[in-house]
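Read the structure below first, then the notes.
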Amino acid sequence: MIKKFRPVFTNQAIVLAAALLITLPLRTVQHLSNIEAGTGFYKRIDANIVIYGILLAAAMAYFIVTAFMKRKKVILSTAPEKLPGCGVLAFLAAAAVGYSAFLDFKGAGEDASAYTVSSTVTSAVNGPLATVQLVFGGLTAVFFILLAIVFLSGKSASSFKLLSLAPVLWLVLKLVSRFTRTISYIRVSDLAMEMIAAVFLLLFFMAFAQTNSNVEAKGNEWKLAGFGFPAALLCLNMFIPRLVTELSSGGRTMYILSRADFADLAVALFIIATVLTRISPETANITVKTTQGEAAE
């Protein structure tokens with residue numbers, strides 16, 4: 001039995017790389033020169049911001065449209081197969097998500113400033129919501145660990161049906177916690193980007209839970225690329241510019257409730273690896289049977 005495999009979203013990966021090459025410097029410049037320290041407000045709306053927004057929107061629209069056009073032509077491989085790259089990235093995602101969930105819980109009660117988080121909201125976030133978010137962040141880390149073991153051992157990846165919902169619930173809670181911040185999502189682009197990224201990540205992991213568990217998977221594989229690539233684009237646009245800003249300015253120009261979150265980097269890399277190594281054209285999965293007579297020949 002021989003299974004042919006061919007990546008199907010190579011062009012989208014090239015567009016992703018090109019979009020990152022252009023948008024990352026633009027976003028870094030915004031952090032260093034056009035974002036007020038502490039508040040995260042734009043000082044002014046200039047050409048950088050306009051071009052940056054257009055490029056992000058165009059790239060994300062391209063990913064969704066081109067993936068949707070292939071909705072009937074692609075499948076996700078769930079057969080037993082060793083995928084060491086995906087395994088290593090899943091381990092990294094587990095560590096990063098677990099640490100991120102801990103930091104979110106630890107800092108939930110910190111009132112950043114009077115004009116960003118109200119005392120009522122702070123108390124709410126510091127209560128049951130923060131605890132539940134930590135629990136599901138931990139379960140998400142466990143899910144990634146189990147995925148890593150499966151990929152490294154070469155076992156079937158269509159397990160953990162219930163646990164595969166942990167990332168979805170974790171992201172729902174992250175969205176809820178972001179909505180509790182009483183501030184302009186337009187003027188503070190970090191918040192807007194975090195929320196849009198969380199939505200795309202939520203859609204990706206919902207599709208991943210279905211397809212990876214073989215639960216009504218047919219016709220949903222395209223969503224892994226259609227929503228995964230926009231999520232990866234936004235996550236990397238959050239992590240890398242923030243990291244550069246923190247290293248170069250000590251975070252003095254950062255929005256006070258933002259940080260360079262390694263979970264953004266690790267999850268983005270996991271998504272890219274999943275789309276490029278586990279999705280193939282449906283017609284490429286060909287089983288070649290060799291009879292004894294053919295083998296003798």
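Can we say PHE91 is of a type in the set (A, V, I, L, M, F, W, C) and open to solvent by 50 Å² or more (accessible area, probe 1.4 Å)? Before the answer, list the steps.
Values: of a type in the set (A, V, I, L, M, F, W, C): yes; open to solvent by 50 Å² or more (accessible area, probe 1.4 Å): yes.
When the stated conditions are applied, PHE91 passes them.
Condition test on ALA96, is it closer than 30 Å to VAL8 by Cβ and either at pLDDT 95 or above or not in a helix (DSSP H, G or I) (or both)?
yes
For region 27-38, which residues satisfy the criterion of being touching a strand residue (DSSP E or B) at 6+ places or on another chain (Cβ under 7 Å) and in contact (Cβ under 8 Å) with a residue 24 or more places away in the chain? Explain how you work it out, then say what you get.
Within region 27-38, the first condition is being touching a strand residue (DSSP E or B) at 6+ places or on another chain (Cβ under 7 Å), and the residues that meet it are 34-35.
Residue satisfying the conditions is ILE35 alone.
What number of residues in region 32-52 are assigned to a helix (DSSP H, G or I) and over 18 Å from ARG242 (Cβ atoms)? Before the answer, list the steps.
Step one: of region 32-52, the residues assigned to a helix (DSSP H, G or I) are 32-33, 47-52.
Checking which are over 18 Å from ARG242 (Cβ atoms) leaves us with 47, 50-51.
Residues in region 32-52 being assigned to a helix (DSSP H, G or I) and over 18 Å from ARG242 (Cβ atoms): 3 in total.
If you scan region 214-245, which residues turn out to be among the aromatic types (Phe, Trp, Tyr) and at pLDDT below 95?
Looking only at region 214-245, we keep the residues that are among the aromatic types (Phe, Trp, Tyr), and these are 222, 227, 229, 239.
The one that is among the aromatic types (Phe, Trp, Tyr) and at pLDDT below 95: TRP222.
The values are calculated or read from the model by the stated rules, or taken from the named source; none is laboratory data. All values derive from a computational prediction rather than experimental measurement. Here Cβ is always computed from backbone atoms with ideal geometry, including for glycine, and neighbour counts include all displayed protein chains. Note: accessible area is taken over every heavy atom of the protein model, side chains too, but ligands, DNA and RNA are not part of it. Shrake-Rupley method; radii C 1.70, N 1.55, O 1.52, S 1.80 Å.
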